[in-house]
Amino acid sequence: MQREAIYQRLKAKYGFDEFRPGQYEVISDLLAGEDVLAVLPTGTGKSLIYQLVGSLLPGLVVVISPLISLMQDQVARLNYQGEKQVAALTSQLDFGTRKSVLRQLPQLKFLFISPEMLKQPRVLAALQQTTISLLVIDEAHCISTWGPDFRPDYLSLGTLKQAIGNPLTLMLTATATAKVRQDIVTQLQVPAAKQVVYSVNRPNIYLAVEQVASEADKRERLQQLVLAVKRPSIVYFSSKRQTDLIAEWLRSTTHLRVAAYHAGLTAENRFKIQQQFMAGELDVICATSAFGMGIDKADIRQVIHYHLPTNLADYVQEIGRAGRDGQPALAVLLYAPGDEQLVRNLNNLTAASPAEIQLDQQRFQQSQVAETDLSLVLQYYWTHGYSVEQVTTQFESRQRAKEAELAQLLTYVQAKTCRRAVLMAYFNEPAPDHTPRCCQLSGEPLPLAQLGLTASKAQSQAATIPWQQILAQLFLQNS
C-alpha cells in the first residue's frame, strides 16, 4: 500500500497528521506481509498500529492479551472511539455469552482473548472457520517472563498460531532485552520476523531512588512527594491490600483526590476510575501493575514505586507512563532495607522443588490432580509429554533468571553513579552523557524547582489536613 494512502487513513480515521516513532515503519511492514516484532517505548501508541492495519485488511484481528482487566479496558476504549464490532472472550463470561461471541466472529473486527482461552477446542474450531487478517501478541514479553512457570500456555502460542492458519503476526512490547526478543520469535516460530526496536530511553523522565529507614519513613516520604510534585501521579504497589490501605491513608491525611486501582475491583469500577483519571478528576492513583497497560494520559508528572518492581524491564514500562507529553517528569523508587525480600517472596510463589515436581507428576498419572496454582501450571507440562527432569530444569533456570534480574534491579537501586547508565546497560544500549536533568546521584536532593516540577503554593498549602481535623472527623464518624 502506498505511503499516501496510509497517511490518509491515519487522518480520516484517527485525526492525526503524523505517526509516532515506529508506528509507520511497523504498519508498512505488516501491510507488505511481514511478521513484525515491535519493541516501542511506552506511550508510542502501539494499539493504533493494529487498529489501523485491521481497518485496511479484510477479516478479524485477534489480540492475545495477558489480563482480563486489560482486555475489558481495551474493548471499552475501542467502544468509546466508536468501534462496535469488538469483543473480549474471557473466563468471566458465562457459557451462553461465550457461544454468542463465537457465533458473531464473522461480524467482529477485533477479538481480545487470552492464550488459555485460545486453546479451548470450541474457540479454536470457531477461529479456524473465520478469516483472520492479523494475530497480535500484546505484551509479548510475557512469553519469556510468564511462560515457563506462571502462564505456560504462552509457550503454546506458536502451535496455536499454526492451528488457526498461521496468520500475519504482530508481536508488541515496550521493553525486551535481546534474550527476550529471541524467546519471543522462537516460541512463536517466526525466526524471520522483522524486528523494529526503539530505545527505551526517555530523557525527559528524571530518575531517582529515595532510601528510607522504615515503613513509617516510606509513608511520610510518599506523602511529601505527592504533595510537593506537580500532579497527577501514579504510585505502584505489589499488593492489592497495600494499594487500598495507602490510598485510604492518603485520602485521610491530605486534600488530594486519591483512588485505588487493582484487579480486585469490578470492571465497572476500574473503568470509572480510569475515566476520572483521564479527565483530570483524580490527583493520585494508587495501583498494582494492573493499571497502566493501555493507558495513554500525556500529562502524568510523577510515577512512584512504593514497592520494588520485579525487574528493570517492568520498571521501565511502568515509569514510561509519565511525561508522555515530552515535558519533565519524575520517577522515584522508594527503598527501605530488606524490600528485596518481598520480590523474592513473590518469585517463590512460582517456584517448585524437584520433590514437588516429582510428586505432582505421580498424582497426575493417578488422576489425582491438585487444584493448586502450582499443580495447574505443571499440568501443562504433563499433558505435553515433558519429563520430571525437563520440568525441573525449566523451573530451576527460571528461578536463577529471576534472582539475576533482582540483582540487576538492586544494582540500579544502590548505584552511586548515573542510574540511567545502569538502565541502558541492562538493555545493551549506550549510555548518554550524565547531566543534572538526567538522574539523582547518591546523596543529592531532588531538583524539583530546576525541573519545573514543584507543585504550586496553593496546591501545597491546601493539601495537608491538620491532625486535629482528622481527629475531629474520626470522633464525628464514631458518635
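The values are calculated or read from the model by the stated rules, or taken from the named source; none is laboratory data. Predicted, not measured: the structure shown is a model, and the values here were computed from it. Ideal geometry is used to build each Cβ from the backbone, glycine not excepted, and the neighbour counts take in all protein chains shown.
Yes or no, residue by residue, for (1) modelled with pLDDT under 95; (2) in contact with a Leu (Cβ under 7 Å, 6 or more places away or on another chain):
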{"position": "D373", "(1), (2)": "yes, no"}
{"position": "V377", "(1), (2)": "yes, no"}
{"position": "H384", "(1), (2)": "yes, no"}
{"position": "Q394", "(1), (2)": "yes, no"}
{"position": "L406", "(1), (2)": "no, no"}
{"position": "R420", "(1), (2)": "no, yes"}
{"position": "P445", "(1), (2)": "yes, no"}
{"position": "A462", "(1), (2)": "yes, no"}
{"position": "F475", "(1), (2)": "yes, no"}
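Yes or no: segment 224-239 includes at least one residue that is touching a Gly at 6+ places or on another chain (Cβ under 6 Å), surrounded by 15 or more Cβ atoms within 10 Å (Cβ to Cβ), in the same structural domain as F427 (by TED's automatic domain parsing) and of a type outside the set (F, W, Y). It would help to see each step written out before you state the result.
Kept after step one, since they are touching a Gly at 6+ places or on another chain (Cβ under 6 Å), are these residues of segment 224-239: none.
So far as segment 224-239 goes, no, none of its residues is touching a Gly at 6+ places or on another chain (Cβ under 6 Å), surrounded by 15 or more Cβ atoms within 10 Å (Cβ to Cβ), in the same structural domain as F427 (by TED's automatic domain parsing) and of a type outside the set (F, W, Y).
Looking only at segment 228-279, how many residues end up being part of a helix (DSSP H, G or I) and more than 19 Å from D73 (Cα to Cα)? Quick ask: steps written out before the conclusion?
Within segment 228-279, the first condition is being part of a helix (DSSP H, G or I), and the residues that meet it are 228, 240-253, 267-278.
With the extra rule that they be more than 19 Å from D73 (Cα to Cα), the set shrinks to 228, 241-253.
Qualifying residue count for the region: 14.
Per-residue answers, yes or no, for (1) within 22 Å of I273 (Cα to Cα); (2) at pLDDT 95 or above:
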position: F291; (1), (2): yes, no
position: I295; (1), (2): yes, no
position: I304; (1), (2): yes, yes
position: T310; (1), (2): no, no
position: D314; (1), (2): no, no
position: R324; (1), (2): yes, no
position: Q327; (1), (2): no, yes
position: L330; (1), (2): no, yes
position: N347; (1), (2): no, no
Enumeration of residues in segment 190-209 that are touching a helix residue (DSSP H, G or I) at 6+ places or on another chain (Cβ under 7 Å), at pLDDT below 95 and surrounded by 15 or more Cβ atoms within 10 Å (Cβ to Cβ): V200, N201
Any helices (runs of 4 or more DSSP H) falling wholly within segment 353-451 and containing at least 3 residues that are over 30 Å from L207 (Cα atoms): 354-365, 373-383, 388-413
Qualifying positions in segment 69-96 - more than 19 Å from Y50 (Cα to Cα) and aliphatic (A, V, I, L, M): L93
Residue that is surrounded by the fewest Cβ atoms within 10 Å (Cβ to Cβ) [pool: residues in segment 1-47 that are more than 19 Å from R181 (Cα to Cα) and of a type in the set (K, R)]: R3
Segment 271-286 - residue that is touching a helix residue (DSSP H, G or I) at 6+ places or on another chain (Cβ under 6 Å) and within 18 Å of L70 (Cβ to Cβ) and, of those, modelled with the lowest pLDDT: F271
Which listed residue, of L89, L57, is surrounded by fewer than 21 Cβ atoms within 10 Å (Cβ to Cβ) and closer than 17 Å to V136 by Cα: L57
Single unsatisfied condition, A125 versus (1) at pLDDT below 95; (2) more than 27 Å from Q276 (Cα to Cα); (3) surrounded by fewer than 18 Cβ atoms within 10 Å (Cβ to Cβ); (4) out of contact with any helix residue (DSSP H, G or I) (no Cβ under 6 Å at 6 or more places or on another chain): (1)
Any hit, segment 264-275, residues being within 22 Å of Q223 (Cα to Cα) and touching a Ser or Thr at 6+ places or on another chain (Cβ under 6 Å): no
